[in-house]
Amino acid sequence: MIIGRVIGETSLNNIEFISKTTPKIGEYVTLNYDGKTILGMIETLIHGSVSLNNDIYDPSTVDMIQSIEGNDFYIKGKVKILGDLKDNLRIPRTPAPPGTEIYLADKNTLNKVFQVKNPLKIGGLISQEDIDVNIDINKMITRHLAILAMTGAGKSNTVCVLMDELLKYNGTMVIFDMHSEYVDSDFNNGEVNVIDPEINPIYISFSEIRRLINISSSAYIQERYFREAYKIAISEARKGNYRDFLNILKETLNSWYETETFRNKDIKSNEKTKIMDVINKVEDLENKYGSLLNTNVGDILSQIQLGKANVINLGQSDEATAEVIVSHILRSALKSRKLFIREKTEKSLKFPVFFIVEEAHILAPKNRSINSKLWISRIAREGRKFGLGLCLVSQSPKSIDPDSLSQANNMIILRLVEPQDQRHVQSASESLSEDLLLQLPSLNIGEAIVLGLMVNVPTLVKIDEFKGRRYGDDLDIVNEWTQYKINQEKDVEEQRQSFKELGGDY
């Protein structure tokens, strides 16, 4: 079906067209010239009239012109050139001649365009929902992904759709669940494995626990005493002495402080003050992270199960605890996968893992230096070599570390209204054109721009609706108030009846 013709000056990447029909933004078109069949996508549309121009100031004039001219209008649009269908979507070396006919792409053509290896169905085209949009799983995981949108636009639904589809392939995901949204999810294609946010100190590195206890590398006296106490506590734990790890630390440090000896040498008075500083920091660590350290649990990596949605339940954890858990797991996973790839060691992580980081703007913030940000960035840069994929999920793209976000070569961008968020996303993605950027505020709930290496062409998609049970949707506030009032009245009535049965006067 011909929808228009090319007009004006053309380039290798964009053409403008004029039409008397009304196509849709996001629809795919084809052009035939120089023996090539070029695929393009409509990115902008303008509806106008030569007669009813901007110089008219009287509404009655509009009625008069319409009665004379009739329904005189035109459609102008811009098409982004995506590539030659006969040459693996390579960009042509010659621009389309003005006057070239533009056709709507047929269903058979589009099905071929969205045919990929190892397909994961994410939804259908906004313009043609009967055309399935598939993404390449290998390219999504090895080249990383970002799911970005304002609150309520459909991020959680998108994550659930991806997870459920990955489970078809025995996919193994670890999701850092900041709000316990996925703990009770009911997936059609697999199970959820909930992992409590606890770390056995045996598996934590000294540098990690030194950060937790807030001893700087320049505080060498504090570090010396803490290191020795840490060695003793770890040694006891490895012997099977599962007394509380932090208590062993405190007892060891207190014994040095009270006896005033360390390795059969007298402790200087100024060093006793340093030991007390360390004791105080251990107590602060206990108050802040006491529930995090548990000598009775195994290595947290060993709890990750193949072919399941492994959910790290951080709903009851504060941001500081979440940051420790995320950095520990990512650091351990990268180290373990390197060992497996290079040495095939028995105690290593033997299968690839796709990490999904909810609230990425908190765990990889733009303007703060925290440990989880360091390891998210490391996974983003190095993970693909060792089978570790990364998905950053956020409603505040402008607050995410630009280095980490720029490593996400694939993006699913749902509705974004805030201009700074839009610009931050555009700066991180080479595929997001200015015209597509303008479409972000007008996307409906569940609609997204999908782009990157995991799809053959940039796409406007209606994300499938996840049918399984999940949490995280907006509460029905009015219903909550009403139900609470009904429950209150019910309680009062039950109390009244109880008093009557006891012969009392209520």
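Per-residue 3J(HN,Hα) values for segment 79-96, derived from phi via the Karplus relation 6.51 cos²θ - 1.76 cosθ + 1.60 with θ = phi - 60°, read 10, 8, 6, 9, x, 8, 4, 8, 9, 6, 6, 6, 5, x, 8, 10, x, 5 Hz in sequence order (x marks Gly and Pro). Derived scalar couplings between HN and Hα for segment 182-192 equal 10, 4, 10, 4, 10, 8, 6, 10, x, 10, 9 Hz in order, rounded to whole Hz, by the Karplus curve 6.51 cos²θ - 1.76 cosθ + 1.60 (θ = phi - 60°), x for Gly and Pro.
Using Cβ point charges alone (K and R +1, D and E -1), the dipole size of the chain about the Cα centre works out to roughly 2880 debye.
On a 0 to 90° scale, report how tilted helix 220-238 is relative to the longest principal axis of the chain, with both axes built from alpha carbons and the result rounded to the nearest 10. Rounded to the nearest ten degrees, it is 90. Between Val492 and Arg368, the simple spin-label model (points 7 angstrom out along Cα→Cβ) gives 4.5 nm. Give the distance, in whole Å, between the Cα centre of segment 37-55 and the Cα centre of segment 259-320. For segment 37-55 versus segment 259-320, the Cα centre distance is 63 Å. Relative to the dominant Cα principal axis of the chain, helix 371-382 is inclined by about 50°. Between the listed residues Ser217, Ser185, Ile204, the Cα displaced farthest toward the positive end of the dipole of segment 178-229, a dipole computed from Cβ unit charges relative to the Cα centre, is found at Ser217. Solvent-free Debye calculation, one equal scatterer per alpha-carbon of segment 17-65: log10 I(q)/I(0) at 0.24 Å⁻¹ equals -0.94.
Treating the beta-carbon of each Lys and Arg as +1 and of each Asp and Glu as -1, no other charges, what is the dipole magnitude of segment 310-456 about its Cα centre, to the nearest 20 debye? Please list the in-between numbers first.
Numbers: 18 positive and 16 negative charges, 193 e Å.
Using Cβ point charges on Lys, Arg, Asp and Glu, segment 310-456 gives about 920 debye.
Short to long, the 5 Å bins of the Cα pair-distance histogram for segment 201-289 hold 3, 14, 28, 26, 19, 9, 2, 0 percent of all pairs.
Sequentially through segment 42-50, phi angles give Karplus couplings (6.51, -1.76, 1.60; θ = phi - 60°) of 6, 9, 9, 9, 10, 9, x, 9, 5 Hz, Gly and Pro residues having no value and appearing as x.
The length gained on full extension between Tyr33 and Gln128, counted as 0.36 nm times the residue separation minus their Cα-Cα distance, comes to 31.6 nm.
Average projected area of the Cα convex hull of segment 356-500, in nm²?
Details: hull surface 54.9 nm².
Directional mean of the projected Cα hull area for segment 356-500 stands at 13.7 nm².
Neighbour counts of C-beta atoms inside 10 Å place Met411, Met276 in the sequence Met276, Met411, starting with the fewest.
When Rg and Dmax are taken over the Cα atoms of segment 49-120, they come to 20.8, 60 Å.
Near the amide H of Ile3, within less than 5 Å, lie the amide hydrogens of Ile102, Tyr103, Leu104, all on another chain or at least 5 residues away, with H placed in the peptide plane.
For the chain, what is the relative contact order in percent, using Cα pairs closer than 8 Å and at least 6 residues apart in sequence?
On the way: 915 pairs, mean separation 95.8, N = 506.
Relative contact order of the chain: 19 percent.
The ellipsoid that matches the Cα gyration tensor of the chain has semi-axes, each √(5λ) in whole angstrom, of 56, 32, 22, with the longest given first. Here Tyr203, Tyr220, Tyr28, Tyr57 are placed in order of increasing Cβ neighbour count within 10 Å, fewest first, which gives Tyr57, Tyr220, Tyr203, Tyr28. Most simply put, the chain has about 65% antiparallel DSSP beta bridges, counting only bridges with both residues inside it. Between helix 419-428 and the chain there is an angle of about 90 degrees, using the helix long axis and the longest principal axis of the Cα atoms.
Counting other Cβ atoms within 10 Å as a rough exposure proxy, the listed residues Thr22, Thr172 run Thr22, Thr172 from fewest neighbours to most. Between the amide H of Ser180 and those of Leu314, Gly315, distances stay under 5 Å, these residues lying 5 or more places away or on another chain, with hydrogens modeled in the peptide plane. Remark on Val194: its backbone amide H falls under 5 Å from those of Val311, a criterion applied only to residues 5 or more positions apart or on other chains, H modelled at 1.01 Å from N.
Bear in mind that the values in this text are calculations on the coordinates, not laboratory data. Bear in mind the structure is a predicted one, so any value in this text is a computation, not a measurement. All Cβ positions, even for glycine, are placed from backbone atoms using ideal geometry, and neighbour counts span all protein chains on display.
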